[in-house]
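The values are calculated or read from the model by the stated rules, or taken from the named source; none is laboratory data. Model, not experiment: these values are computed from the prediction. Don't worry about glycine lacking a Cβ; one is built from the backbone with ideal geometry, like all the others, and counts go over all protein chains shown.
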Amino acid sequence: MSIFNQFPYIVVEGPIGSGKTTLAKMLSEKFSAELLTEKAEVNPFLPRFYQDAQRYALPTQLFFLFQRSRQIADMTQRDMFAKPTVADFFLEKDPLFARLNLDDEEYALYHQIYSHLQLKSPKPDLVIYLQTPVDELADRIQERNISYEQEIPREYIERLADAYSEFFHSYDASRLLIVNNEKLNIIKDESALDLLVQRISQIKSSREYFNPNFE
């Protein structure tokens, strides 16, 4: 039985380097589910943000906000969630980056725009949070060798990882599976995806943990 019978709309989340987009794509291919990705590569401000965060944080954030609002509008118009769907982002997390990267005046402007858009994102049936150590995030960012990502300071990766942990510590809007992602390398280990899918199929409660190192 497909995990999408149990969870028709799955969101995969985690900091940059955690493998969220890769996992979302693999689940989409394995179960013929619709795939939604945030398409970070089309944001023209993102490379400049990693070079000068203070200057480009606001346009980077607003580009992502408007991009996601268009995707949500498209979902509604096409009734996309009539079929199984997996995404590598969800709107509730968007303010996490805004609060992390914007100063108080910029955040006030961002929040005003965010509120004005009155975005209503469909509620995920399951969120998979790939909790990944900072050292592993840094190594994976280096391995995938995207030029502008090599500019990312380690201090920023640490702050981002902490922000994700804090966000999901109190998140209770959907069922949540927190995955210890230190050793679960779905790119290098063919069995890792099957192991994770098996664990997803066993979910019974609103918040569960998967530590494949010890199971």
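Taking the stretch 1-54 as the range and being among the β-branched types (Val, Ile, Thr) and more than 17 Å from the chain's Cα centre (by Cα) as the test, only Ile3 passes. The requirement of being in contact with a strand residue (DSSP E or B) (Cβ under 9 Å, 6 or more places away or on another chain), buried (at least 17 other Cβ atoms within 10 Å of the Cβ), touching a residue at least 12 places away in the same chain (Cβ under 8 Å) and of a type outside the set (Ser, Thr, Tyr) is satisfied by Ala87.
Restricting to the stretch 54-74, and then to whatever is surrounded by 16 or more Cβ atoms within 10 Å (Cβ to Cβ) and among the hydrophobic types (A, V, I, L, M, F, W, C), can you tell me which residue is nearest to Tyr107 (Cα to Cα)? So the residue we want is Leu58. Evaluate the following for Ile3: is it over 30 Å from Leu184 (Cα atoms) and among the β-branched types (Val, Ile, Thr)? In short, no. Which residue, of Ile128, Ile72, is within 27 Å of Ser28 (Cα to Cα), modelled with pLDDT under 90 and among the aliphatic types (A, V, I, L, M)? Only one candidate passes the filter, namely Ile72.
Can you pull out every residue in the stretch 160-186 that is in contact with a Leu (Cβ under 8 Å, 6 or more places away or on another chain) and not polar (S, T, N, Q)?
Residues of the stretch 160-186 in contact with a Leu (Cβ under 8 Å, 6 or more places away or on another chain): 160-161, 163-164, 167-168, 174-177, 179, 181, 184, 186.
If the condition is that a residue be in contact with a Leu (Cβ under 8 Å, 6 or more places away or on another chain) and not polar (S, T, N, Q), then Leu160, Ala161, Ala163, Tyr164, Phe167, Phe168, Arg175, Leu176, Leu177, Val179, Leu184, Ile186 are the ones that fit.
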